[in-house]
1. Quick check on my filter: what residues within the range B:171-192 are assigned to a helix (DSSP H, G or I) and crowded, with 23+ Cβ neighbours inside 10 Å?
2. In the range A:4-30, which residues are open to solvent by 30 Å² or more (accessible area, probe 1.4 Å), assigned to a helix (DSSP H, G or I) and within 13 Å of chain B (Cβ to nearest Cβ)?
3. Kindly indicate whether any position in the range B:174-181 is more than 13 Å from chain A (Cβ to nearest Cβ), within 26 Å of B:R91 (Cβ to Cβ) and in contact (Cβ under 8 Å) with a residue 40 or more places away in the chain.
4. Filter the range A:563-572 down to the residues that are more than 25 Å from A:R539 (Cβ to Cβ) and not in a strand (DSSP E or B) and list them by number.
5. Taking A:Q223 and the conditions (1) modelled with pLDDT of 75 or more; (2) closer than 30 Å to A:L20 by Cα; (3) assigned to a helix (DSSP H, G or I); (4) not hydrophobic (A, V, I, L, M, F, W, C), which numbered condition does it fall short on, given that it satisfies the others?
6. For the range A:1-46, give me each residue that is touching a helix residue (DSSP H, G or I) at 6+ places or on another chain (Cβ under 9 Å) and of a type in the set (G, A, S).
7. Six or more apart or on different chains, Cβ under 7 Å: which pairs go from a residue in the range B:100-112 that's within 8 Å of chain A (Cβ to nearest Cβ) and over 10 Å from A:R11 (Cβ atoms) to one that's open to solvent by less than 20 Å² (accessible area, probe 1.4 Å) and modelled with pLDDT under 85? Could you list them?
8. Does the range A:18-39 contain at least one residue that is in contact with a Leu (Cβ under 8 Å, 6 or more places away or on another chain), modelled with pLDDT of 85 or more, over 30 Å from A:Q305 (Cα atoms) and hydrophobic (A, V, I, L, M, F, W, C)?
Amino acid sequence: MFKLAARLAWRDWRGGELSLLFAALLLAITSVTSISLFTHHVKQAMVSQGADLIAADLRLNSSQALPEDWAVQARNLSIQQAHVSQFQAMVFADNGMQLASVKAVSNHYPLRGELSVGGAAFDQGIVIAHGPKQGDIWPDSRLLASLNASVNDSINVGDLSLTISRVLITEPDQASGFASFAPRAMMHLSDIAATHAVQTGSRITHRWLLAGDKSALTSLQQQITPLLSSGQRWQSPTDGNANMAATLDKAEQFLLLAGSLAVVLAGVALSLSARRYSLRQAKHVALLKCLGLKPKQLRLLYLSQMVLLALFVLIISLPLAWGLYQGLTLLMVDYIQTSSSTPALAPFILGAGTGVLCLLAFVLPPMLALAKVAPAEVLRQSSNQKKANIGHLAIGFGAVILLVYWHSQSLLISSALILGVVVILLLLALLTHQLIKLGNTIRPHLGQGAKIGWANLVRRKHQNSLQVAIFGLALMLLFSLVSVRSFLIDDWRQQLTQDTPNLFLFNIYQEQRQSLLGSMKQQGLTTEGLTFFPIARARLAKPKVDNPRGDRELNLTWSKALPAGNSISQGRWWHNSSTAPLEVSIEADYAKSMGLGLGQTLTFNVAGIEKNAILSNLRKVDWSSMQPNFFFVFSQPLVEANSASYMASVYIAPKDRSKLGPLLREQPTISMLDVDQVLQQVQRVVTQLSLAVEGILIMVLGAGILVLVASIQASIDERRHESAILRTLGASKALIRSILLVEYASLGFVAGLIAGLGAEAVVAVLQNQLFQMPVQLHWPLWVLTPFIGMILIGACGWWFNRSVITTPPLRTLKQT
Amino acid sequence: MSHATPFLAAQNVSQIVANPQATQAHDLHILRDVNFTIEAGQSVAIVGASGSGKTTLLGMLAGLDSPSHGQLFLAHEDLTLMDEESRAELRKHQVAFIFQNFQLLPSLTALENIMLPLEVKGTDNANALAGQYLNHVGLGQRGHHYPHQLSGGEQQRVAIARAFAAQAPILFADEPTGNLDTQTGHHIIELLFELNQQHHTTLVLVTHDVQLAQRCQRRLSLTAGQLTELVDV
């Protein structure tokens, strides 16, 4: 039976019967596999970018020294390790002294990311593979400037004299929050003891950097986690940077969404081509039954054929997907880089699994049902065009739900998509029906071709409703994806405009503000957009909150106006702040975690004085704005103006970075946090992700076009037959062409119109629920989509129906 | 297999199709109480006007469809007691067909179409045997042509070759000349009877071609679902 199946399959293939089914399955597996491979690659790149930010694949932060045997355990698992200890110490030079944040690193630091050094302060950095050797110290530009020292000078950290061998320009794990305002000095870990700067009870942070195989790291993490004390916690690349994490998260959601759409589209294409194939096979089956094949044998025959087809497609599609993915990554090699290039097995399993499941759900049911074709069918002159089987549709729909969930692993994406699909299908079918009815009334006023075209539309209204539903569905999914891509990329780009602040200034006293502005102007630095935020330090005294965050000393500010990038989520911003009692505004998530509610009176301890404030509103804060953001904002000053300190943020262009040294020398007491490197990393990731999103979009567009083609092919036999009859009746090629154009363009117009509205709804749900972004309406979409649908489907219909016009009518009639 | 049962027969066969828009009284009676027996080796023509139920009766005799009432015998087996699986098995060994619209698979060449019944039976030298039959019908040079590259007469010759290649003792033919012009039809009739004699096949054919019906040993006439035997006077 298998031999017969193979022979028949080969003959069907040769005759072109299997080509559309083959193409649909090929596209399903290739697109899903390549999208999955690419997603995997992008994720790896994201993790690798994140890894750069912590200089490792995994990091353990600890306030105490780590047990020796942990390092042994890591070594046994072949994990690379490095140690970093960070503490504050006074650094002395001949011409000055400065409190510095000293970072002592072991030999293998950094495990991920790049360290760059220069020969003078604010130099362009040169990448270097390791940290300073024993006896050397690398101060950063700020420290060098404030010590008035230069390379080859000796400086002291505690009791130890070290030689400045280079200037530290960038370090991968610089973005360790806003905690370390002091300038940096990097030295070797083994020199710590000789400094005598670290004594029992000194504040020192230990970081254990790990890199290596993911499973080994997971296993080590599992072994060590139960042994951790309260001051020890793991840090993974993704929680390295909140801003980056949010961006990566959105990108990942997009990729999952796109992958799921590709699956839905491929499923629809497969289902359509399977239906056409099975309709064309009905007579074959009847004949084979006449020749004595039993239903059981026929089922086995078609099952074997499908297995053969699946194997054949897998053999071609998996390498093809690999090739596509390689091509795409090659195109983006400058933008998306990963440390590991090992091909992952999971995407291939996912792609092949999706193909097999699609085959089982969409293709096999109609194939197996063929065994039920009555053998007497062979005696009938005309073929019996059966309506779609509800049971088969239900199986296919169930499979789509399963596949979307498998791909997205998200109930939200799955339910939004499925609901969107159901609603759009119903709406489309209903509306098409009504529009075709309406067309009936205008038909008498149309030209000859348009008249027949409309008559065809009306005659096939059930079939057309289905076809419009499929066109509409494919277009809706494509429009949705295009708009999600646009708003996502816009959002990312807006997040990081060219002049996003990259330098934070702290410890500025009131009287220093003017002199700082003066110094900056003198150095030729821009002061545009520079706003000073007053800061006071305080503790929440009442209510006592059972949360470690509540016990901490907080940085507070006060302001008459709502800070930029903030929005009120509950309550109202104050209007008359000078006379009213003291009010406070708290960041919404923070208030929630502390259990604080609107209208509550809170007591703060500000430098020993208790102050009561009413919690009058909760704010949403855009943490990715890179502007100074505060958990607590008060309506009135908490301390006297002259005892408050201020902070500010400003953008320093690359060409102006060398002016920071002189500025610091002029304003030695002001602390500075340079986040330029972090910003550049984020910008790089955004560029990479934007490109990745474009790449994926192209693949999904391919899947969408295939659905359109499959749908057009599904009715091509009937159209070919009708055209042949019309031509024998004397219709010109031009007339048939105009009939086809009217039919497809009208279907496309309706499909585009509804798809535009559907896409708007889907995008709104996704924006609101999945991407947590404000909902925007895209009215140009509503106007454009009907025309896009008309042109796209009109063109596809015309192109794929060329043979309808060019095939001699006699041949068509002979074949049917 | 019991030889007490007839070789090929219909006993009180009726076929009724329910009319969905009417009551039982308006059901469509395609065949009414049809009775006849055919002996092995006989050639029988079933004649009648279009819509008289000829093709339905042929399909039932070949086990392609089941009657609403009555019994049917094929190769001494009671078809009405068999399920689709067993009927298929019986067809495989006992029955061959020729159709009005040829029913050649469009994706198969002429030779492959003839090979098909042999492959279904699992015959080893299907290719060589099919080639012989193709030569027999005078199309030895057209083996690699597809059905759409052949004329109607040529297609029917391929269908005849396919039917005889099956080497079945009973051959059913549904209007074998219905789609052909008179001259081609004549050639096809000659070929059909020549092969029939060579293979000693029992031939049951449906036709309204008088010339064709005259070539058969017996003629059964169907009128509004009722059967009568025509006797030469």
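The values are calculated or read from the model by the stated rules, or taken from the named source; none is laboratory data. These numbers come from a predicted model, not from an experiment. Cβ placement follows ideal geometry from the backbone for every residue including glycine, while neighbour counts extend to all protein chains displayed. Note: accessible area is taken over every heavy atom of the protein model, side chains too, but ligands, DNA and RNA are not part of it. Shrake-Rupley method; radii C 1.70, N 1.55, O 1.52, S 1.80 Å.
1. Restricting attention to the range B:171-192, the residues satisfying the condition of being assigned to a helix (DSSP H, G or I) are B:182-192.
Selection gives B:I188, B:L192.
2. Of everything in the range A:4-30, those that are open to solvent by 30 Å² or more (accessible area, probe 1.4 Å), assigned to a helix (DSSP H, G or I) and within 13 Å of chain B (Cβ to nearest Cβ) turn out to be A:A6, A:R7, A:W10, A:W13, A:R14, A:S19.
3. Taking the range B:174-181 as the starting set, the residues that turn out to be more than 13 Å from chain A (Cβ to nearest Cβ) are B:177, B:180-181.
Checking which are within 26 Å of B:R91 (Cβ to Cβ) leaves us with B:177, B:180.
Then drop every residue that is not in contact (Cβ under 8 Å) with a residue 40 or more places away in the chain, which leaves none.
Looking through the range B:174-181, none of the residues is more than 13 Å from chain A (Cβ to nearest Cβ), within 26 Å of B:R91 (Cβ to Cβ) and in contact (Cβ under 8 Å) with a residue 40 or more places away in the chain.
4. A:A564, A:G565, A:R572
5. All conditions are met except number (2).
6. Of everything in the range A:1-46, those that are touching a helix residue (DSSP H, G or I) at 6+ places or on another chain (Cβ under 9 Å) and of a type in the set (G, A, S) turn out to be A:A5, A:A6, A:A9, A:S19, A:A23, A:A24, A:A28, A:S31, A:S34, A:S36, A:A45.
7. Listed by first residue and then by second, the contacts come to B:Q103/A:V378.
8. No - not one qualifying residue is present in the range A:18-39.
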